[in-house]
Amino acid sequence: MAGDSNGVLVAARTLIGTSHAKLDCSHFVHQAYQRAGMKYTYADTTSFSNLKDHFVEVQTPAAGDVVLFNKHMGLYDPSGCSVVHTSQCRAKG
């Protein structure tokens, strides 16, 4: 996708605090990419996971990479914030 992966993280941070009822994890990731100008057709977590043949598993993710785990998805932020969904921004341990 053309665009700025750091822009994805900037957009994601503006969404933190949005009610989960209004924006679940898959919508959170989609909105962050949309706001950063990196458009893709929305897919829920299960659908995204089913596309795994189109993705490459990496040892060191890049800023703004989509992270899939335990029927959940989020974004990777190498600056130390794990931007997972709308209600949290956890420091990396």
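The values are calculated or read from the model by the stated rules, or taken from the named source; none is laboratory data. Treat the numbers as computed from the prediction; the structure is a model and nothing was measured. A quick note on method: Cβ atoms are made from the backbone with ideal geometry, for glycine too, and the neighbour counts reach across all protein chains shown. The protein model used for the area step is the full one, side chains on, heavy atoms only, and it has no ligands, DNA or RNA in it. Shrake-Rupley method; radii C 1.70, N 1.55, O 1.52, S 1.80 Å.
So if each residue of separation counts as 0.36 nm, and I subtract the Cα-Cα distance between Val56 and Thr18, what length gain in nm does that give?
Details: separation 38, 0.36 × 38 = 13.68 nm, distance 2.99 nm.
Separation in residues times 0.36 nm, less the Cα-Cα distance, equals 10.7 nm.
Write down the accessible area per residue of the range 1-77 in Å², having rolled a 1.4 Å probe over the full set of protein chains. List each step's numbers first, then the result.
Numbers: 4880 Å² over 77 residues.
Heavy-atom accessible area per residue stands at 63 Å².
Please work out how much length the chain gains when fully extended from Gln34 to Val67, using 0.36 nm per residue of separation minus the C-alpha to C-alpha distance, in nm with one decimal. Intermediate values should be presented prior to the final figure.
Values: separation 33, 0.36 × 33 = 11.88 nm, distance 1.68 nm.
That works out to 10.2 nm of additional length.
Taking the mean number of other Cβ atoms within 10 Å as a proxy for protection, how do you rank 36-46, 6-16, 69-79, 54-64 from highest to lowest? Let's see the in-between values first.
Details: 36-46: 13.7, 6-16: 18.0, 69-79: 16.1, 54-64: 10.5.
Descending mean neighbour count gives 6-16, 69-79, 36-46, 54-64.
List the aspartates and glutamates whose Cα sits under 20 Å from the Cα of Lys71, skipping any in the same chain fewer than 8 residues away.
Those aspartates and glutamates meeting the cut-off are Asp24, Asp44, Asp53, Glu57.
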